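To start, the structure under review is shown below, and the notes come after it.
The values are calculated or read from the model by the stated rules, or taken from the named source; none is laboratory data. Treat the numbers as computed from the prediction; the structure is a model and nothing was measured. Cβ placement follows ideal geometry from the backbone for every residue including glycine, while neighbour counts extend to all protein chains displayed.
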Ligand code: NAP
């Protein structure tokens, strides 16, 4: 058996083409003013610079604008908060993305939580997380929301199935666990203190790698027929799962690259369009 490819690249293109039409409707309603995603980058981390550029490019592809704020590496928490306050108050801005990670001296949680709920299109605030977990309307954290969208697109059954998420970060593992639980999966969350990790992973009908260590999850940890979602993106285009050893035994898998990564950007843009539609009175 060769696993079905869960093609995030193709699905993200399809999502972008749908969004282009919705952005046109917003432009018509707003006298030609495009929705704006504001990005804040603190410092010069090369990967972060690339991610912010990719997000700006995605905005332009669907007809939106992006305002890019680039703060120096020595910025203080107060400087970041001041930028967020300005963007919160600006009615032309519909979404705010603070690129993670920020330099050590900046209190990331404080900054994330300063983002107004309506503009939290990357789903990073505690309030947004809590509302999402409770099944109330909120923008979901972009990467887990992208994974859920990809699983839904390929009609991967979740209800009653055992999902094992390896990683519990605030932007990935933890919110994904809540989303999977809300979709009626039985969820186990693993982390650096988990004991007998290979045995726990072997129980997963759906296994998610969200660790940040290249090929950390070995092929022989994966149960035959499992669905493998590899959220990791490490040097050398490697994911967190030893994918070459998994492709022949799993029922479906996300490739690296071209699986979860493009979906993250698509969800960020989609959630900005949602926010802009609400602001324009095109949705409630
Ligand atoms: P993170 O904040 O570093 O979190 C890593 C998680 O892995 C932590 O919960 C940690 O456990 C757990 N972990 C570390 N070592 C472990 C071990 N030996 N056994 C079990 N669990 C272990 O990373 P992240 O931001 O969630 O990112 C994870 C990966 O996803 C990275 O490769 C990143 O590049 C990728 N990512 C991709 C996208 C995308 O758009 N494609 C977006 C975000 C992240 P503790 O909590 O106990 O420390």
**Request:** Quick one: in the stretch 193-211, of everything that is more than 14 Å from the ligand (Cβ to nearest atom) and assigned to a loop (DSSP other than H, G, I, E, B), which residue is nearest to residue 120 (Cα to Cα)?
**Result:** 205
**Prompt:** Is it true that some residue in the stretch 193-215 is in contact with a strand residue (DSSP E or B) (Cβ under 9 Å, 6 or more places away or on another chain), within 19 Å of residue 259 (Cα to Cα) and either modelled with pLDDT under 95 or exposed (fewer than 15 other Cβ atoms within 10 Å of the Cβ) (or both)?
**Reply:** yes
**Hits in the stretch 226-262 - residues which are surrounded by fewer than 24 Cβ atoms within 10 Å (Cβ to Cβ), away from the ligand (no atom under 16 Å from the Cβ) and not in a loop (DSSP other than H, G, I, E, B)** = 244, 245, 252
**Prompt:** Quick one: which of 42, 62, 52, 23 is out of contact with any helix residue (DSSP H, G or I) (no Cβ under 9 Å at 6 or more places or on another chain) and either within 28 Å of residue 112 (Cβ to Cβ) or surrounded by 14 or more Cβ atoms within 10 Å (Cβ to Cβ) (or both)?
**Reply:** 52
**Prompt:** Can you find a residue in the stretch 263-275 that is over 20 Å from residue 9 (Cβ atoms), away from the ligand (no atom under 13 Å from the Cβ), more than 19 Å from the chain's Cα centre (by Cα) and surrounded by fewer than 24 Cβ atoms within 10 Å (Cβ to Cβ)?
**Reply:** no
**Leading residue by the ranking (nearest to the ligand (Cβ to nearest atom)) among those in the stretch 167-192 that are touching a strand residue (DSSP E or B) at 6+ places or on another chain (Cβ under 6 Å) and assigned to a loop (DSSP other than H, G, I, E, B)** = 168
**Message:** Looking at the structure I just gave you, is residue 144 within 16 Å of the chain's Cα centre (by Cα) and part of a helix (DSSP H, G or I)?
**Reply:** yes
**Complete:** If we ask which residues in the stretch 76-113 are under 21 Å from residue 274 (Cβ atoms) and assigned to a helix (DSSP H, G or I), their number turns out to be 6
**Asked** Inside the stretch 123-147, can you point out the residues that are closer than 21 Å to residue 206 by Cβ and surrounded by fewer than 21 Cβ atoms within 10 Å (Cβ to Cβ)?
**Response** 133, 135
